[in-house]
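Reading through the structure tokens given below for one structure.
The values are calculated or read from the model by the stated rules, or taken from the named source; none is laboratory data. This structure is a prediction, so every number in the text was calculated from the model and none was measured. Ideal geometry is used to build each Cβ from the backbone, glycine not excepted, and the neighbour counts take in all protein chains shown.
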Amino acid sequence: MASLKDLKNRISSVKSTQKITKAMQMVAAAKLRRAQDAAQAARPYAERMEQVLAGLSKAYEGRAGAPTLLAGTGKDDVHLLVVATGERGLAGGFNSSIARLARDHAQRLLGQGKTVKILTVGRKGNDILKRSFKDNIVEYITLRDVKQIGYANAAEIGRKVLEMYGAGEFDVATLFFSSFRSVISQVPTALQLIPAKLGGGEGEPAAAAPVVDYEYEPSEEAILESLLPTNISVQVFRALLENNASFYGAQMTAMDNATRNAGEMITKLQLSYNRQRQAQITKELIEIISGAEAL
Amino acid sequence: MAEGIKLEIVSPEKLVLSEDVRSVTVPGAEGYFTVLGDHAPMMSTLRPGFVTIVGLDGRSDHFYVRSGFADVSNAGITILAEAASSLADFDRAGIVAELEKARADLAGIEDHEQRNFVQDVINGLSNLMVEAENLNQSHVH
């Protein structure tokens, strides 16, 4: 049984932990709002981009000579997994759930005899994946020093992916990130970047829109060719922003839980502290009384 | 004829501008073009340059855009640019630095195609500087 002094120390240490988790929760909540706004603000661009690309790429349906970013290389032997995670931990299962999705995917591909290359964005995911796929990681990008994720960061990652694609280093690229549903729900998601999957899911309304005869300047093909690489960066950018919002959402929830747990723990410790204190008082009283009676 | 045209300038980070205007002049890949209300649907890629907007009240405004495209449809004109900012936020020093860097790059490149590409970039950037200069002057008046 711990002594009274030990219990007192425990209580004060748990209390200061609680203070920290509470502060972290509030900071995460404030940052979440900003991250959410940023994710929201980026949406119109990505959506328009998708609509336009879906429209343009329809022209290529079932036709040869489509740009390889759209049609792929015709093989699927080498897969590139772009895994975007957070830079920091203390966010519940945020980083590990993305990494797990990527790991399962990689293992399945390896089981099929494909080659897997991994590009990690974010320190945490890199740390986790390094354990099982040390030799598969080809590139590690950290956004640690980046305060506010800008399009330039995403463009850089996009450029790297395109460079590798141009050099024929992979056939299929998939992006892993956590998409932000709500503060309590973040869904790890895999999105195929190359060959581009357009109009998946929400593409239907775009397809239903009346087909207008556009004039293109320069040609349709040239526009498509210049937009496809941009699209990669845009998708990466969107993923980073979603990730960011998800991270703070997850952190907020995790810290909320931690604060509550600390509260419970304090109640329990306080209870046993009080009991012990009372027991000691009773014991001392008995000693005094029995001492007096003995006289 | 419609009174004006709905203009949206969107950068990856945010919606830069959304309003009804009288006319929009866009730096298309094959030259500047002006869009008024009821324009036929068209799509054009952009080169770095300045979008000139004439508002419904006749006042003009300039926006700097960089690599993207303009989509003119019945709903209005949407400019999707990788970078877009108002003229006031135009980062002159940044462009100058980029220009310097591109010039330095050019000196080190042997490959003919790449040289052409970098030269194009340099030309584009220099044009940009001149245009920015002109716009600034016209604003002083």
- Task: Would you check if there is a residue in region A:60-73 being touching a Ser or Thr at 6+ places or on another chain (Cβ under 6 Å) and in the same structural domain as A:Lys130 (by TED's automatic domain parsing)?
- Result: yes
- Item | For B:Gln119: the one exception among (1) free of Cβ contacts under 8 Å to residues at least 40 places away in the same chain; (2) in the same structural domain as B:Arg22 (by TED's automatic domain parsing) | (2)
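Quick one: count up the residues across region A:147-181 that are out of contact with any strand residue (DSSP E or B) (no Cβ under 8 Å at 6 or more places or on another chain), among the acidic types (Asp, Glu) and crowded, with 17+ Cβ neighbours inside 10 Å.
0
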- Task: Would you be able to say whether some residue in region A:76-85 is surrounded by fewer than 20 Cβ atoms within 10 Å (Cβ to Cβ), at negative phi and among the small types (Gly, Ala, Ser)?
- Result: no
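In region A:151-190, what residues are of a type in the set (Lys, Arg) and touching a residue at least 12 places away in the same chain (Cβ under 8 Å)? I'd like the intermediate steps shown before the answer.
First, pick out the residues of region A:151-190 that are of a type in the set (Lys, Arg): A:159-160, A:181.
Correct list: A:Arg159, A:Lys160.
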- In region A:199-217, is there at least one residue being assigned to a helix (DSSP H, G or I), modelled with pLDDT under 90, assigned by TED's automatic domain parsing to the domain that holds A:Gly86 and surrounded by 20 or more Cβ atoms within 10 Å (Cβ to Cβ)? no
- Of all strands (runs of 3 or more DSSP E) completely enclosed by region B:1-81, which ones contain at least 2 residues that are touching a Leu at 6+ places or on another chain (Cβ under 7 Å), surrounded by fewer than 19 Cβ atoms within 10 Å (Cβ to Cβ) and more than 13 Å from every other protein chain (Cβ to nearest Cβ)? B:15-28
- Over region B:56-76, the set of residues within 23 Å of A:Ser233 (Cα to Cα) and over 11 Å from the mean Cα position of the chain (by Cα) is B:Asp71
- Task: May I ask you to say which residue of A:Ala239, A:Ala279, A:Ala262 is under 28 Å from B:Glu13 (Cβ atoms) and part of a helix (DSSP H, G or I)?
- Result: A:Ala239
- Task: Any chance you could count how many residues in region B:82-96 are in contact with a helix residue (DSSP H, G or I) (Cβ under 9 Å, 6 or more places away or on another chain) and either part of a strand (DSSP E or B) or touching a residue at least 60 places away in the same chain (Cβ under 8 Å) (or both)?
- Result: 2
- Can you tell me how many residues in region A:222-235 are in contact with a strand residue (DSSP E or B) (Cβ under 8 Å, 6 or more places away or on another chain) and more than 10 Å from every other protein chain (Cβ to nearest Cβ)? 2
- Scanning region A:255-278 residue by residue, those surrounded by 12 or more Cβ atoms within 10 Å (Cβ to Cβ) and over 30 Å from A:Phe94 (Cβ atoms) turn out to be A:Gln270, A:Ser272, A:Tyr273, A:Gln276, A:Arg277
- Message: Return the pair list, or none, for Cβ contacts closer than 7 Å from residues in region A:132-144 that are over 10 Å from A:Ile118 (Cβ atoms) and in the same structural domain as A:Val82 (by TED's automatic domain parsing) to residues that are in a helix (DSSP H, G or I) and β-branched (Val, Ile, Thr), at least 6 apart or on different chains.
- Response: A:Ile141/A:Ile157
- Any residue in region A:225-238 that is farther than 26 Å from A:Leu80 by Cβ, at pLDDT 90 or above, surrounded by 17 or more Cβ atoms within 10 Å (Cβ to Cβ) and touching a Phe, Trp or Tyr at 6+ places or on another chain (Cβ under 8 Å)? no
